[in-house]
1. Please report, ordered by residue number, the helices (runs of 4 or more DSSP H) entirely within segment C:104-203 with at least 1 residues that are under 17 Å from the mean Cα position of the chain (by Cα).
2. Sort through B:Arg201, B:Arg210 and tell me the only one that's part of a helix (DSSP H, G or I) and without any contact (Cβ under 8 Å) to a residue 12 or more places away in the chain.
3. For segment C:350-362, enumerate the residues that are closer than 15 Å to C:Ala155 by Cβ and open to solvent by 70 Å² or more (accessible area, probe 1.4 Å).
4. Among the residues of segment C:363-385, which ones are surrounded by fewer than 22 Cβ atoms within 10 Å (Cβ to Cβ) and aliphatic (A, V, I, L, M)?
5. Looking at B:Val273, is it at negative phi, open to solvent by 10 Å² or more (accessible area, probe 1.4 Å), modelled with pLDDT under 90 and under 14 Å from the mean Cα position of the chain (by Cα)?
6. Considering only segment C:387-413, state which residues are within 7 Å of chain B (Cβ to nearest Cβ), among the small types (Gly, Ala, Ser) and surrounded by fewer than 24 Cβ atoms within 10 Å (Cβ to Cβ).
7. Kindly state which helices (runs of 4 or more DSSP H) lie completely within segment C:243-349 and contain at least 1 residues that are away from every other protein chain (no Cβ under 14 Å) and surrounded by 19 or more Cβ atoms within 10 Å (Cβ to Cβ).
8. Taking the conditions exactly as written (open to solvent by 10 Å² or more (accessible area, probe 1.4 Å), within 11 Å of chain B (Cβ to nearest Cβ) and in contact (Cβ under 8 Å) with a residue 40 or more places away in the chain), does C:Tyr140 satisfy them or not?
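The values are calculated or read from the model by the stated rules, or taken from the named source; none is laboratory data. Source: prediction; values computed, not measured. Glycine gets a Cβ as well: all are built from the backbone with ideal geometry, and neighbour counts include every protein chain shown. Each accessible area value is taken on the protein alone, full model and side chains, heavy atoms only, with ligands, DNA and RNA left out. Shrake-Rupley method; radii C 1.70, N 1.55, O 1.52, S 1.80 Å.
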Amino acid sequence: MARAVPKSRRWLMTIIAWAIAFVIFFPILWTIITSFKTEGDAVLSPPDLLTAGWTTESYGVVQDRSNYFKFAMNSVMLALGSTAFALLLAIPAAWAMAFAPGKRTKDLLMWMLSTKMMPPVGALIPIYLIFRDLHLLDTRGGIITVLMLLNLPIIIWMLYTYFKEIPGEILEASRMDGASVGKELIYVLAPMAIPGIASTVLLNVILAWNEAFWTLSLTTKNAAPLTQFIASYSSPEGLFWAKLSAASTMAIAPILVLGWFAQKQLVRGLTFGAVK
Amino acid sequence: MATQHTRTLGRMAVAPSVLALFLWMIVPLGMTIYFSFLRYNLLDPGNESFIGLVNYKYFLSDPAFLSALGNSLKIVGSVLAISIIGGVILALLLDQAIYGRSFVRLMVIAPFFVMPTVSALVWKNMMMHPVQGVLAWLSQTFGLEPIDWFTHHPLLAVIIIVAWQWLPFATLILLTALQSMDEEQKEAAEMDGTPPLSYFRYMVVPHLARPITVVVLIETIFLLNVFAEIYVTGSGGRAGNMPYLVYFQGLLNFDVGGASAGGIIAVILANIVAFFLMRMIGKNLEG
Amino acid sequence: MKTVVAGVLGSLMFAALSGTALAETTLTIATVNNGDMIRMQGLTDDFTKANPDIKLEWVTLEENVLREKVTTDIATKGGQFDVLTIGTYEVPIWGKKGWLVPLTGVDDPADLLPAIAGGLTVDGKLMASPFYGESSMVMYRTDLMEKAGLKMPDAPTWEFIRQAADKMTDKAAGVYGICLRGKAGWGENMAFLTATSNSFGARWFDENWKPQFDQPEWKATMQYYLDIMKADGPPGAASNGFNENLALFNSGKCGMWIDATVAASFVTNPKDSKVADKVGFALAPDNGLGKRGNWLWAWTLAIPAGSQKVDAAQKFIGWATSKHYTELVAGKEGWANVPPGTRSSLYANPEYQKVPFAKMTLDSINAADPVHPSVKPVPYVGVQFVAIPEFQGLGTTVGQIFSAALAGEKTLDQALTEAQDAATREMTKAGYIK
């Protein structure tokens, strides 16, 4: 931001932005605060911030009770695995749609999005039966495939819009030089496409991380990710706010940290693409 | 520009994705259509029988059907409006020179990282609860009667929760679009003393048309299938949408036939929505 | 590009490999995330030491998710679980379908409370073994009751409850005379309302499965409920379930609360409750018609038919629901924490009789009769539910209608008419009404 901005205006904007950001972030902040309270204090109204007995007891309970690491590892593998798998299919497809579009390309894109329109519950029994017969229930491979298919349309869409931004003349030029399609992909396209791919990956990792219906329905123990970890803390008989808050904080933390490191990349990547 | 050669190659490149998605669509869809004509209760297996359109008749004549349809559209419409308008405002704000911008940015997009089930639980019990919620405490501090969200405004409460999750997504996409605007153009506009409104009208709006279209399309797909926020907050009775109704048939009644019919109806309705959407905004995707 | 490919292949191979590696006998146990089950997970060393060839793996889920998963799995014969935690609602339905393996390893079955065991027996065979049982009762604040100048009888009437609630209510001080369930759901508000309706002489269906919401008994039930909640209930009651009311009661905002007997151990626990030393208990109220408004529920352990590991599962269920397990918990965590409501021997134990809510829990459980829940005869089994597969959906629909009435969105008559229509429609669709 090289623009010269009056100091007073800059401060004003800063205050407004921080105030809004605080409001938006508040529920998450409150969850984190609650995770350090006792169960009794967590439901007090008005909330007792000064005299509350701060404690990390809830984290201890959660640690004792569940194998957080196993759930988290599964989440990481499902999110990364499904995104990588989807990229493998999506990059060629998006490339072709962007640079060798046919008459039906736009319809094809819409059709792809429309595969996401069935309410998941409506397809639960068919998928469950198929999974049972193929012995895919509670396997990482099975759920990775489902998440891949779930996110594939979004990935193709985003990549398509990014690739559209890459000027066609560059490709023309490389073709004139006699570059093969493979070389065109690797040497000309890839460097320009990487930011777009990176941001697509990030968005889809988040979507896969948060997907709760299929991951809960199709996994039991071996492949169960953090969504199931959460489901084991929500709404038991008895007070559970502090423990659920601790579990939620632990479930959000990895992706929030990833978000922090990735956001600059994310912003740069998106800048290149769809949204120019 | 595409030659015959590249076209063939293009088809080959698209084929795996199309094939995978086609299978993913057609196999469950085929089974769902088949089940939708059966009397098939999961708790009564072995007694399946063909009953024609009875499941459709019951689903469509369900007193909850019309309100579910209305709620679906209201959720999609309001959350889209909130996230586009709010997203543009927030993006413009975050595009300013402010202190600690990357931190503010992370705080604003953070809700998108939270699992829908978790955010529904947090909002219902810790924010909006009329006795122990933070909002109730705030309104009491100002001497106001606390709002009993899920009793009196269940749909609005659901919309707020969903919007809280999707506003960050819109903000993120729109912000990055703004930041890709030419710095020099922005500066020139400022130098010339372009009034803020015409700056917005003639520079910002055209530049944001494409990203807004992308946001609308992607969000619509997800918003049509909003479920956790309704289910977890227990507001399915009055704020239930189409997916909730299908869930009700499928996992409460365990009526696979009814749920299948509902799923098919939901797909048809979603495609109608998508069709109109494309006609309205599809042209922004050209070029 | 290369790294992406390697990553995908790597993760796929890992997935394939990890799917196959399994130990000899690993029992996968689906369980609900309530305190007693969590406690059991911490005590399994006792079992695995005696059975070193059996490994236990727990899948702990909240009640609704658990029910959806377990039902989907057993109905499609997915075979994901070896031991199931299910409620008294599922056992008769699934048992009749032949989905459960009759239990053989249960410790001293004659010791099980008859009210509980009766609902778990199909064709004379015990299909599930109760892990803990509960009924419902009145929990009240002794200090507020004293302040109101009243004395709670052991077996109050609904009329007394109304008077007490009116006197205890002090909205300015944030004290509400009565907290009751209002959140829509067959196991939420309908559990309370169905149990209450029994004491008003109402029933869900007559002997020909004709819904009875158009009868005066249901009107009286709902009239009482709506009136008392309007006058003395907390704000937001239409979305309050067990936990919401527990939070209110524990922070001192409720004068009385009628709910599950397991709540007793929560409200008397000084760590989480601000009113732990000021709580009294009484039987659920009645109307002088011979039935009290309390329910009966048990979480039970069962084995799905088709399981490959029946022997190990029988052993495990035998251990988890045995007297030995009760003593194990008592020795490690005290008598107040043993799973309640399943065995006569527990209530005969002088140590357990010292627990303040022990007697009231037993009396409440004995006061419920799942086979003859209401004053008039009914064609179904179940006190606060109707043990037919359609009840989850129907109960929730009616629950939503009644919850809306509590929220003031519908009048009493509208709600009853809609409930009657919904029930007639659903029962016709399911073929009960020809």
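1. Of the helices (runs of 4 or more DSSP H) lying wholly inside segment C:104-203, those with at least 1 residues that are under 17 Å from the mean Cα position of the chain (by Cα) span C:114-120, C:189-199.
2. On inspection, the qualifying residue turns out to be B:Arg201.
3. The answer is C:Lys359, and nothing else.
4. If the condition is that a residue be surrounded by fewer than 22 Cβ atoms within 10 Å (Cβ to Cβ) and aliphatic (A, V, I, L, M), then C:Ala367, C:Val371, C:Val375, C:Val378, C:Val381 are the ones that fit.
5. yes
6. Hits for segment C:387-413 are C:Gly393, C:Ala404, C:Ala407.
7. C:310-320, C:323-333, C:344-348
8. For C:Tyr140, the condition - open to solvent by 10 Å² or more (accessible area, probe 1.4 Å), within 11 Å of chain B (Cβ to nearest Cβ) and in contact (Cβ under 8 Å) with a residue 40 or more places away in the chain - is not met.
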